[in-house]
Amino acid sequence: MEHKTSADLQEIADVTHPQSLSRDERLERWAVALETCGRSRLRTLSETEHKPASERALMRADNSVISVAFEDPILRLAGVRDDTYGEARRFFELSDYQIHELLCDCHYGSSVAAQHAAWSVRKAKSQKSLDVVLSSIAIGAVGLTGLAALLL
């Protein structure tokens, strides 16, 4: 096998390097990719809220909201690894609640309109992760409990 540098390869092929995108940029790119699907309907995932976390992380479906992200070349370069629930949660930095709202069949039935999914992704982009908010509340509650114990 012959070794070539990136510079050598650029002379004979398009060489791309991984993209560094912020959370908001990744979510916006996902929304745009969904919009390019036009009026098509995308498959949802079944009863995500009833599955154990380990099973939920592996959930996927062909022609789903998540598969659109995985098929996007920019998002692939940015680091999306597959089209599973767990990867969407990791890559897009979403809470279980946010992903459930985006793609669970209890909201849309067996499929969701791509344009509605794009709207939902943008809605998630504008919200701080619920997990972060709940963690902050829990930390604050623990702090207040500790403070009350000290004062009594």
Residues of segment 1-50 being of a type in the set (Lys, Arg) and modelled with pLDDT of 95 or more, in sequence order, are Arg23, Arg26, Arg29, Arg41, Arg43
What number of residues in segment 71-90 are closer than 15 Å to Ala61 by Cα and hydrophobic (A, V, I, L, M, F, W, C)? 1
Within segment 39-64, which residues are buried (at least 19 other Cβ atoms within 10 Å of the Cβ), in a loop (DSSP other than H, G, I, E, B) and in contact (Cβ under 8 Å) with a residue 24 or more places away in the chain? Thr44, Met59
Only residues that are at negative phi, surrounded by fewer than 17 Cβ atoms within 10 Å (Cβ to Cβ) and not in a helix (DSSP H, G or I): list them for segment 70-96, please. Arg81, Asp82
Take the residues of segment 21-38 that are more than 12 Å from the chain's Cα centre (by Cα) and within 21 Å of Tyr108 (Cα to Cα): which is surrounded by the fewest Cβ atoms within 10 Å (Cβ to Cβ)? Gly38
Does any residue in segment 107-122 that is free of Cβ contacts under 8 Å to residues at least 60 places away in the same chain and within 12 Å of Thr44 (Cβ to Cβ) come within less than 6 Å, Cβ to Cβ, of a residue that is among the hydrophobic types (A, V, I, L, M, F, W, C) and buried (at least 16 other Cβ atoms within 10 Å of the Cβ) six or more places away or on a different chain, and which pairs are these? Ser120/Leu102
The residue from Leu130, Leu58 that alone is at pLDDT below 90 and not small (Gly, Ala, Ser) is Leu130
Check Ser67 against each of (1) free of Cβ contacts under 8 Å to residues at least 40 places away in the same chain; (2) more than 14 Å from Ala33 (Cα to Cα); (3) part of a helix (DSSP H, G or I) and name the one condition it does not meet. (2)
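The values are calculated or read from the model by the stated rules, or taken from the named source; none is laboratory data. All of these numbers come straight from a predicted model, not from anything done at the bench. Cβ sites come from the backbone with ideal geometry, for glycine too, and all protein chains shown count toward neighbours.
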